[in-house]
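Worksheet: one structure, shown below.
The values are calculated or read from the model by the stated rules, or taken from the named source; none is laboratory data. Since we're looking at a predicted model, the values are computed, not measured. Ideal geometry is used to build each Cβ from the backbone, glycine not excepted, and the neighbour counts take in all protein chains shown.
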Amino acid sequence: MGIGDWPAGEGPRDKLLERGADALSDAELLAVLLQTGYRGCSALDLARSLLVQYAGLDGVMHAQRSSLLACAGVGRAKYAQLRAALELARRQALQVLTSGDVLSSPDKTRRFLQYHLGGQAREVFSCLFLDSQHRVLRCEDLFLGTLDGAAVYPREVAVRALQYNAAAVIFAHNHPSGVAEPSAADRRITERLCAALSLLDIRVLDHIIVGRGREYSFAEQGLL
């Protein structure tokens, strides 16, 4: 049964319109996105099944394409709808982040980085380049790695920072394992990056490691 086939006032879509999106459960919100199920399985049943299979909403939204497409009732159209919803959330978070000083809104920075890096299957090293008022000039993914890590080159980071005339930077990378604790290699590359950029009078404000639903801040831990 599709969302549009529910009796008036009983379906998740009607509930959203009458009571607001925050009144819906994760399964109901996901059902609104999916719109339809398949024979013998409503959109809400499908949503519940996916939430169980992927251990919650974050798991569903960040599931790999091949995995989702292998699920009964999930085709290319539904996969595209889920990815579009996640990308809209990421862009909205970036827009909010770029509207002010990142130091006054660390939660907004973390929220954006979760959307940006949290679901990556490989390690990605990103950099937020900031002006002298700590406003975001650009966010760029500089290095891509494997499940084991990414090779990070301070010289290339410095070149990009000069290109954007950045006064400060925030580094971020994800751990596909989901564990946000820094490795010895993470600590070493952070020290090298700080040393290289200090010669150019570019401040390193933080290095944030993104795990599954959590983050580790070098600045908060006194490591910068």
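Might you let me know whether the range 179-201 holds any residue that is under 29 Å from Asp58 (Cα atoms), modelled with pLDDT under 95 and assigned to a strand (DSSP E or B)?
no
Considering only the range 60-82, state which residues are within 23 Å of Leu16 (Cα to Cα) and without any contact (Cβ under 8 Å) to a residue 12 or more places away in the chain.
Ala77, Ala80, listed by residue number.
Just the residues that are crowded, with 17+ Cβ neighbours inside 10 Å and either assigned to a loop (DSSP other than H, G, I, E, B) or in contact with a Gly (Cβ under 9 Å, 6 or more places away or on another chain) (or both), please, taken from the range 168-178.
His173, Asn174, His175, Pro176
Check whether at least one residue in the range 124-132 is polar (S, T, N, Q) and assigned to a strand (DSSP E or B), and report yes or no.
Among the residues of the range 124-132, at least one is polar (S, T, N, Q) and assigned to a strand (DSSP E or B), which makes the answer yes.
Does Ala219 count as among the aliphatic types (A, V, I, L, M), assigned to a loop (DSSP other than H, G, I, E, B) and modelled with pLDDT of 95 or more?
no
List the number of the failed condition for Ser99; all other conditions in (1) modelled with pLDDT of 90 or more; (2) farther than 30 Å from Ala184 by Cβ; (3) surrounded by fewer than 17 Cβ atoms within 10 Å (Cβ to Cβ); (4) not acidic (Asp, Glu) hold.
Result: Ser99 fails condition (1) only.
Residue by residue through the range 163-196, note down the ones that are within 20 Å of Val102 (Cβ to Cβ), touching a residue at least 12 places away in the same chain (Cβ under 8 Å) and out of contact with any strand residue (DSSP E or B) (no Cβ under 6 Å at 6 or more places or on another chain).
Asn165, Ala167, Leu193, listed by residue number.
Any residue in the range 88-100 that is closer than 14 Å to Phe129 by Cα sitting within a Cβ distance under 6 Å of a residue that is of a type outside the set (Val, Ile, Thr) and assigned to a helix (DSSP H, G or I)? List the pairs, counting only those 6 or more apart or interchain.
The qualifying pairs are Leu94/Phe112; Leu97/Lys108; Leu97/Phe112.
Can Glu87 be described as within 30 Å of Ile189 (Cα to Cα) and not basic (Lys, Arg)? Don't jump to the end; show me each part of the working.
On the way: within 30 Å of Ile189 (Cα to Cα): yes; not basic (Lys, Arg): yes.
It is true that Glu87 is within 30 Å of Ile189 (Cα to Cα) and not basic (Lys, Arg).
Which of the residues spanning the range 202-216 are in contact with a Gly (Cβ under 6 Å, 6 or more places away or on another chain) and assigned to a loop (DSSP other than H, G, I, E, B)?
Start the filter on the range 202-216 by keeping residues that are in contact with a Gly (Cβ under 6 Å, 6 or more places away or on another chain), which leaves 210-212.
Of everything in the range 202-216, those that are in contact with a Gly (Cβ under 6 Å, 6 or more places away or on another chain) and assigned to a loop (DSSP other than H, G, I, E, B) turn out to be Gly211, Arg212.
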